[in-house]
Amino acid sequence: MPLDHTASGVYVIATTPFLDDYSIDTRSIDRLTDFYAEAGSSGMTILGIMGEAPKLDHSESIAIVKQVMGRTQLPVVVGVSAPGFASMRSLARQSMELGAQGVMIAPPSNLRTDDQIRGYYASAIEAIGDDVPVVIQDYPLTLSVVMTPAVIRDIVNAHPSCVMLKHEDWPGLEKISALRGFQTAGEMRAISILCGNGAMFLDFEMERGADGAMTGYAFTDALVDIVRLQAEGRREEAHDLFDAHLPLMRYEQQQGLGLAVRKYLLMQRGLMTSDRQRKPAGTLTAKAKEEIDYLLAR
């Protein structure tokens, strides 16, 4: 079924595993895909920023989409952000033909004004087709594009194909409240809000009205339980579980080093053969690995 505003739970951001020679590790893709389903994920998002999408060529991207779609019954969102609309359209249309449920689009870092942001999404949706469900990625910490709640509201209202927001602003709790306030007042269509930032604020994001998480913290199974407990109204249990994982979430969320930490954790969990990243990439020292191992033991 197509992605829509009712999506909830955990749409895990999948990493792209590589072998030590930097080639794509197809066996680890299968292991990860199986694990995400077994952990209780509601869906998957592939070829995102943490999936090292800019380091892949088009044929590699399509091969990964094809492999994941052939492996899982989970709804799959494909990151199609690109410098030009032609390549964005090609990846989006091919992904949908392969069975993806939607695509994710992040704004390019050169956008500065509200009108530029609105205009960009209008052009992107025109390019890929308004029949493709779209996830708006709001990640100012990395993309340096600030989208106000009003701008997000305008984009959602102008484009029915925009069905989800990947919320990664920081601080961002008030933004969630503002968007849900627009909906309550009848000023914005209903959308799904799933949150990123390594789940660092998932405890209160759910309480502000988020529908779940869209992030790649290495303990997907814990994220699923936190979201479920919050949805069931079991607040103290949700916060207890969140608190237990917070030191590791914090360590994984270091700017420039987060993916290295995440891949190392996934390798330690037996889900990837190697923690290799394609260059440019941050690397872990022996001391950093020792610290991660200590946190895992705790």
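Put the Cα centre of the range 155-169 next to the Cα centre of the range 55-93 and the gap is 20 Å. Applying the Karplus relation 6.51 cos²θ - 1.76 cosθ + 1.60 with θ = phi - 60° to the range 284-290 yields 3J(HN,Hα) values of 9, 7, 4, 5, 5, 5, 4 Hz, where x marks Gly and Pro. Packing here is the average count of other Cβ atoms within 10 Å per residue, and on that basis the peptides 17-23, 279-285, highest first, run 17-23, 279-285.
Ignoring lysines fewer than eight residues from Lys289 along the same chain, the ones with Cα atoms less than 21 angstrom from its Cα are Lys263, Lys279.
Peptides 108-117, 145-154, 42-51 ranked from most to least packed give 42-51, 145-154, 108-117, packing being the mean of other C-beta atoms within 10 angstrom over each peptide's residues. Once the gyration tensor of the Cα atoms in the range 174-224 is diagonalised, the equivalent ellipsoid follows with semi-axes of 24, 10, 8 Å, ordered largest first. Shown here for the range 195-298: GluC sites (Glu not before Pro) in loop regions (DSSP other than H, G, I, E, B) with at most 10 other Cβ atoms within 10 Å, namely Glu232. Estimate the FRET efficiency between Glu97 and Asn157 by the formula 1/(1 + (r/R0)^6), using the beta-carbon distance for r and 35 Å for R0, to the nearest 0.05. Computed FRET efficiency for Glu97 and Asn157 comes out at 0.75.
Using the Cα coordinates of the range 9-249, the gyration tensor eigenvalues translate into equivalent-ellipsoid semi-axes of 25, 25, 15 Å, sorted from longest to shortest. Put simply, the amide H of Val135, placed in the peptide plane, has neighbours under 5 Å in Val103, Met104, Ile105, leaving out anything fewer than 5 places away on its chain. Probing with 1.4 Å while keeping every protein chain in the model, the per residue accessible area of the chain equals 42 Å². Share of carbon and sulfur in the accessible area of the range 9-249 stands at 53%, probe radius 1.4 Å. Which of these, Asp130, Asp169, Asp225, has the largest mean-square fluctuation under a Gaussian network model of the chain (Cα springs below 10 Å)? Among Asp130, Asp169, Asp225, the largest mean-square fluctuation in the Gaussian network model of the chain belongs to Asp130.
The values are calculated or read from the model by the stated rules, or taken from the named source; none is laboratory data. As the structure is a computational prediction, the values presented were derived from the model and not from experiment. Using ideal geometry, Cβ is built from the backbone for each residue, glycine included, and neighbour counts are taken over all protein chains shown. Quick note on the areas: whole protein, heavy atoms, side chains included, nothing else; ligands and nucleic acids left out. Shrake-Rupley method; radii C 1.70, N 1.55, O 1.52, S 1.80 Å.
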